[in-house]
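Engineer: Pasting a structure here, questions to come.
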Amino acid sequence: MSADLEQIKDFLVTLAKEAGALIQAKTGRVSYDDKVNAVDLVTETDAAVEALVAAKLRAAYPEYAFMGEESYVPGETKLGDEPTFIVDPIDGTTNFIHSFPFSCISLGFAINKKPVVGVIYNPFLDWMYTGIKGKGAYLNGTQRLPLRQPVPGAPPLELANALVGIEWGTQRDGVNYKVKSETFSKLAAADKGFVQGFRSLGSAAMNLCAVAAGQLDAYWEGGCYAWDVCAGWVILEEAGGRMVGGRKGVWDPAMDCRMYLAVRGDAGQKPFIEAFWGQIEGELDY
Ligand code: IPD
Ligand code: CA
């Protein structure tokens, strides 16, 4: 039996609204714990939302596998080829703790490790992003992505006219911290990349939606997991954007490769990707 992607998307939208209400109800006075280090945070709400989502998905789709950030066991949980829901119950947990209104629930569905349905809901702004492989991507059901349309006669996408999403992530030492710091510096410098600016929305899913919408031109990060990118990936591609590796030369990245560069739809996309890779100082190693 092949999966009915439209029906799955509708189910995920309903589930995202229910979970979103739970997330919204809890913000404002949130206590937290840390995981790997003092900037890798988790709250009771992350676990409660994942439990709710996992139970509902298992009841409705017992034939499909499930992977979620909070139930992931390093070295044990493996992403397989079988149809799999890939879930981040709260992406942007640090934002959630600080009441910075850019956290969301990210619900993805993948087949053969390729994302085919994505639903991302920010309950604070009431933004519901959806995408289905081959059927386009939308904001709030009706606004087709990208939202930002090309201006006639505008130059193609290049570093010098780009607004770029970046994140420090949670690893603040070693080679990855060095590569990120030096690359950010190179991208910003007047005599090097000279990009127009950086933005950090604090959520991989929100960054990917912003690239899909055309509000960011690109987003580069190392250190994410499949649940951070699965849903956003299909939304991005259905908006004409492209996901490549966060390391030079990786044109066809695996879902769980942990290093990504997302670029919005534009005629200049391919040369932009090569120019961006040219600015990466050293090699990320996740
Ligand atoms: C994190 C956010 C953040 C990104 C990290 C993710 P979480 O997810 O998406 O923007 O920099 O790589 O781990 O912890 O908020 O679910
Ligand atoms: Ca999370």
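Engineer: Among the residues of the stretch 238-268, write down those that are outside any loop (DSSP other than H, G, I, E, B) and open to solvent by 30 Å² or more (accessible area, probe 1.4 Å).
Structural biologist: Glu238, Arg242
Engineer: Further, regarding this structure: If a residue must be touching a residue at least 60 places away in the same chain (Cβ under 8 Å) and either within 19 Å of Asp91 (Cβ to Cβ) or open to solvent by 10 Å² or more (accessible area, probe 1.4 Å) (or both), how many such residues does the stretch 187-207 contain? Don't jump to the end; show me each part of the working.
Structural biologist: Going residue by residue through the stretch 187-207, those that are touching a residue at least 60 places away in the same chain (Cβ under 8 Å) are 187, 192-193, 201-206.
From what's left, either within 19 Å of Asp91 (Cβ to Cβ) or open to solvent by 10 Å² or more (accessible area, probe 1.4 Å) (or both): 192, 201-206.
Number of matching residues: 7.
Engineer: Does Asp252 qualify as being out of contact with any Ser or Thr (no Cβ under 9 Å at 6 or more places or on another chain), acidic (Asp, Glu) and modelled with pLDDT under 95? Can you show your working first?
Structural biologist: Values: out of contact with any Ser or Thr (no Cβ under 9 Å at 6 or more places or on another chain): yes; acidic (Asp, Glu): yes; modelled with pLDDT under 95: no.
Criteria not met by Asp252.
Engineer: Additional query: Are there any pairs with C-beta distances below 6 angstrom linking a residue in the stretch 89-102 that is among the acidic types (Asp, Glu) to a residue that is in a loop (DSSP other than H, G, I, E, B) and open to solvent by less than 20 Å² (accessible area, probe 1.4 Å), with the two at least 6 apart or on different chains, and if so which?
Structural biologist: Pairs found: Asp91/Ser203.
Engineer: For the stretch 90-103, check the following and say yes or no: at least one residue is in the same structural domain as Ile120 (by TED's automatic domain parsing) and touching a Pro at 6+ places or on another chain (Cβ under 8 Å).
Structural biologist: Looking through the stretch 90-103, at least one residue is in the same structural domain as Ile120 (by TED's automatic domain parsing) and touching a Pro at 6+ places or on another chain (Cβ under 8 Å).
Engineer: Can you find a residue that is of a type in the set (Gly, Ala, Ser) and assigned to a loop (DSSP other than H, G, I, E, B) anywhere in the stretch 136-148?
Structural biologist: For the stretch 136-148, residues of a type in the set (Gly, Ala, Ser) and assigned to a loop (DSSP other than H, G, I, E, B): present.
Engineer: Which of the residues spanning the stretch 38-83 are modelled with pLDDT under 95, part of a loop (DSSP other than H, G, I, E, B) and within 12 Å of ligand 1 (Cβ to nearest atom)?
Structural biologist: Val39, Asp40
Engineer: When only residues in the stretch 92-105 that are open to solvent by 10 Å² or more (accessible area, probe 1.4 Å) and within 11 Å of ligand 1 (Cβ to nearest atom) count, which is farthest from the chain's Cα centre (by Cα)?
Structural biologist: Of everything passing the filter in the stretch 92-105, Ile97 is farthest from the chain's Cα centre (by Cα).
Engineer: Which is assigned by TED's automatic domain parsing to the domain that holds Met206, in contact with a Pro (Cβ under 6 Å, 6 or more places away or on another chain) and not hydrophobic (A, V, I, L, M, F, W, C), of Gly268, Gly249, Gly240?
Structural biologist: Within the list Gly268, Gly249, Gly240, the selection yields Gly268.
Engineer: If you don't mind, there's one more thing I want to ask. Take the residues in the stretch 208-228 that are near ligand 1 (Cβ under 8 Å from one of its atoms) and over 13 Å from Gly118 (Cβ atoms), then tell me which one is surrounded by the fewest Cβ atoms within 10 Å (Cβ to Cβ). Full working, then the answer.
Structural biologist: Here is the first cut: in the stretch 208-228, the ones near ligand 1 (Cβ under 8 Å from one of its atoms) are 221, 223-225, 227-228.
Within this subset, residues satisfying the condition of being over 13 Å from Gly118 (Cβ atoms) are 221, 223-225.
Numbers: Glu221: 25, Gly223: 20, Cys224: 24, Tyr225: 18.
The residue in question is Tyr225.
Engineer: Looking only at residues that are in contact (Cβ under 8 Å) with a residue 24 or more places away in the chain, more than 10 Å from ligand 1 (Cβ to nearest atom) and outside any helix (DSSP H, G or I) in the stretch 163-186, which one is farthest from Val39 (Cα to Cα)?
Structural biologist: Leu163
Engineer: Okay, moving on. Inspect all residues belonging to the stretch 215-234 and state whether any of them is more than 15 Å from ligand 2 (Cβ to nearest atom), outside any loop (DSSP other than H, G, I, E, B) and among the aliphatic types (A, V, I, L, M).
Structural biologist: Yes, because at least one residue in the stretch 215-234 is more than 15 Å from ligand 2 (Cβ to nearest atom), outside any loop (DSSP other than H, G, I, E, B) and among the aliphatic types (A, V, I, L, M).
Engineer: Can you pull out every residue in the stretch 13-34 that is exposed (fewer than 14 other Cβ atoms within 10 Å of the Cβ) and either without any contact (Cβ under 8 Å) to a residue 12 or more places away in the chain or touching a Leu at 6+ places or on another chain (Cβ under 6 Å) (or both)?
Structural biologist: If the condition is that a residue be exposed (fewer than 14 other Cβ atoms within 10 Å of the Cβ) and either without any contact (Cβ under 8 Å) to a residue 12 or more places away in the chain or touching a Leu at 6+ places or on another chain (Cβ under 6 Å) (or both), then Thr14, Ala25, Arg29, Asp33, Asp34 are the ones that fit.
The values are calculated or read from the model by the stated rules, or taken from the named source; none is laboratory data. Because the structure is predicted, anything quoted here is derived from the model rather than measured. For neighbour counting, all protein chains shown are included, and Cβ atoms are generated from backbone atoms with ideal geometry for every residue, glycine included. Just so you know, the surface numbers come from the protein's heavy atoms only, side chains and all, with ligands and any DNA or RNA stripped out. Shrake-Rupley method; radii C 1.70, N 1.55, O 1.52, S 1.80 Å.
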